[in-house]
Amino acid sequence: MKRGLMWVSAGPCFVLAVVSAWWTVGALAGNGLWPPDEVTLSEAVATRNNAEAVRLIEKGANPNLPGYVRDGLLTNGYAVTVKPIEAAVGAQRADSLRMLLDNGASIDQEELTVLRCLERARHDSGVSELLAAQSTRAVDCTGVRSPLERVR
């Protein structure tokens with residue numbers, strides 16, 4: 001009787017240990033319980049997944065190259081191809097913007113104007129502060145095309 005009770009109580013522990021070992025071996029081989037995200041760096045930023053964005057940069061993704069972002073993440077009704085830094089501003093993510101700047105994203109004066117105008121349309125104080133720190137010059141958004149506009 002005591003032996004049967006021991007197996008009943010130890011059984012779930014044994015099953016958990018086997019499943020944990022399977023997951024650990026799979027994760028080390030790159031085949032964990034969940035498949036890795038199949039997203040671009042821009043889409044990782046747009047979905048507020050900084051951990052995936054950093055992983056992609058560490059694997060060689062260029063934080064200055066545009067990437068595809070599915071419909072519904074930054075826009076409604078169409079997908080866009082934007083730079084990761086544009087995705088961060090469009091998603092109103094100061095933390096993502098800071099992470100990109102810390103990991104090699106660069107902003108020239110033309111891009112800074114575009115980003116500051118995009119931020120004005122999205123209104124995020126954290127993003128605004130980070131962009132203002134890049135240049136104190138006044139920005140004129142007349143004729144500036146948002147990277148989130150639909151290209152026809």
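The values are calculated or read from the model by the stated rules, or taken from the named source; none is laboratory data. Just so it is clear, the structure is predicted and the values come from calculations on it, not from any experiment. Glycine also receives a Cβ, built like all others from the backbone with ideal geometry; neighbour counts cover every protein chain displayed.
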For this session: Please work out if Arg116 is touching a residue at least 12 places away in the same chain (Cβ under 8 Å), among the charged types (D, E, K, R) and crowded, with 18+ Cβ neighbours inside 10 Å.
Result: yes
Exercise. Right, Ile107: crowded, with 18+ Cβ neighbours inside 10 Å, modelled with pLDDT of 90 or more, assigned to a helix (DSSP H, G or I) and β-branched (Val, Ile, Thr) or not?
Worked result: no
Exercise. With respect to the numbered conditions (1) assigned to a helix (DSSP H, G or I); (2) within 13 Å of Ser42 (Cα to Cα); (3) of a type in the set (A, V, I, L, M), which one is the sole condition not fulfilled by Leu148?
Worked result: (1)
Problem set entry | Complete set of residues in the stretch 127-152 that are in contact with a Leu (Cβ under 8 Å, 6 or more places away or on another chain) and not hydrophobic (A, V, I, L, M, F, W, C) | Gln134, Ser135, Ser146, Pro147
Exercise. Of Ala87, Ala138, Ala133, which residue is surrounded by fewer than 12 Cβ atoms within 10 Å (Cβ to Cβ) and outside any loop (DSSP other than H, G, I, E, B)?
Worked result: Ala133
Exercise. If you check Val82 against the conditions, is it within 23 Å of Arg150 (Cα to Cα), touching a strand residue (DSSP E or B) at 6+ places or on another chain (Cβ under 7 Å) and either loosely packed, with under 15 Cβ neighbours inside 10 Å or not small (Gly, Ala, Ser) (or both)?
Worked result: yes
